[in-house]
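Working notes, beginning with the structure itself.
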Amino acid sequence: MTDQRFTELLSEKLSGEISAHDDQDFMAILAENEDYRREYESLIIYFKQQDRPYENMDFIFRQIKERINVVGAEPKPIFNSKPVVRTFGQWYRIAAIFIFGLCTFFAYQFFKSNSLSDKTTAIAWKKTYTPGRQTSTLVLADGSKVTLNAASEIKYPVSFKGGTREVYLSGEAFFDVAKDHQHPFIVHTKNISIKVLGTAFDVKSYDDEQATETTLLRGKVEITLNKRPAKHILLNPAEKFTLIHAANSSAEHLNGDIYSIRPMTYYKDDKNAILETSWMNNKLLFKNENFSLLSLRLARWYDVSFVFESDKLKDASFTGEFEKETLSEALKALQVITPFQYKIQGKTIYLYAVK
């Protein structure tokens, strides 16, 4: 066994990096060589006596270098242990161990500093929530404009960093994205992600609805299904993407056609009246929409909740337009199309079938 091998094992042992196999070899060396064992024990005693082993590292290192440079000189004790006469090779090993310790210490300080720096430069996030009966508009750090519909929340960074611009949406929002071909803009929702470079589109992803929708006005978007990340769907202007969720939320797969792409919907063939974005003009447009889905939109529009006391009312179909009508006026207008009764208690509306 060479002195070099002992020095390597000793360094690994003191740094705690020794493997189980090497540890067995090291203990066998100590059992066979008294000088090696004494050297190891003196080092162990030193480290146990020092609460802060690196506190006087510069001074100790200078002493070791002096001893190495003075070949043949009588070594002076560094450790508070029983004086032991050491050979030049032993002092060389001790120097190697301390050099290893210094490197480990400074490496630790370096990575610790980098870690703190990373935390300092971590992305700072903001959240904006729009309650019922309201809409709000904000401009992101890149100049992109976002209009939030009622009962919607967006999470976005104070400033964009890295290769992408990413935001998180729950509810509905219209995005007018600033062009930046080097940094794609990505909107994350519960079920899909929409990737764009510069475009204008609407995203609707409410937790209480069984569909997620994206309607594109200009540009192009790439849609990724969160459950099928390898699936990418390209959407062209004036197209609407709809993803129908599984009725059973625990289902891990959806059978059949899980999504559809259709032209966006115009109200009464008016090219300026787009159903999917009418809310931005403070209008609630609906066309052949069942009462169950319409009630969710009305709930956000008027900041109320609906309770169906008759399931057959949920399938009633309505076409119409609301803008400045009060809740009572809206309900009475719907009664003209399909007769039903209702009762308002606070912010809850109970719907009954006509007896």
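The values are calculated or read from the model by the stated rules, or taken from the named source; none is laboratory data. This structure is a prediction, so every number in the text was calculated from the model and none was measured. Note: accessible area is taken over every heavy atom of the protein model, side chains too, but ligands, DNA and RNA are not part of it. Shrake-Rupley method; radii C 1.70, N 1.55, O 1.52, S 1.80 Å.
Some values worked out for this structure:
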| read-out | value |
| --- | --- |
| Accessible-area ranking of Val304, Val167, largest first, probe 1.4 Å | Val304, Val167 |
| Members of Lys220/Lys347; Lys204/Lys268; Lys190/Lys343; Lys240/Lys332; Lys126/Lys324 lying beyond 29 Å, as alpha-carbon distances in this model show | Lys220/Lys347; Lys190/Lys343; Lys240/Lys332; Lys126/Lys324 |
| Distant-in-sequence amide H partners of Val221 (H built 1.01 Å from N, under 5 Å) | Leu235 |
| Accessible area in the full protein assembly, largest first, 1.4 Å probe, for Trp301, Trp125, Trp279 | Trp125, Trp301, Trp279 |
| Nonlocal amide H pairs with Lys231, under 5 Å, H built at 1.01 Å | Leu225 |
| Rounded to whole Hz, the Karplus (6.51, -1.76, 1.60) HN-Hα couplings of the range 268-280, x for glycine and proline | 6, 6, 8, 5, 8, 10, 9, 4, 5, 10, 4, 4, 5 |
| Integer Hz, Karplus 6.51/-1.76/1.60 couplings in order for the range 217-230, x for Gly and Pro | 9, 8, x, 9, 10, 10, 9, 10, 7, 4, 7, 9, x, 7 |
| Cut-off under 5 Å, modelled amide H: who pairs with Ala178 long-range | Ser144, Lys145 |
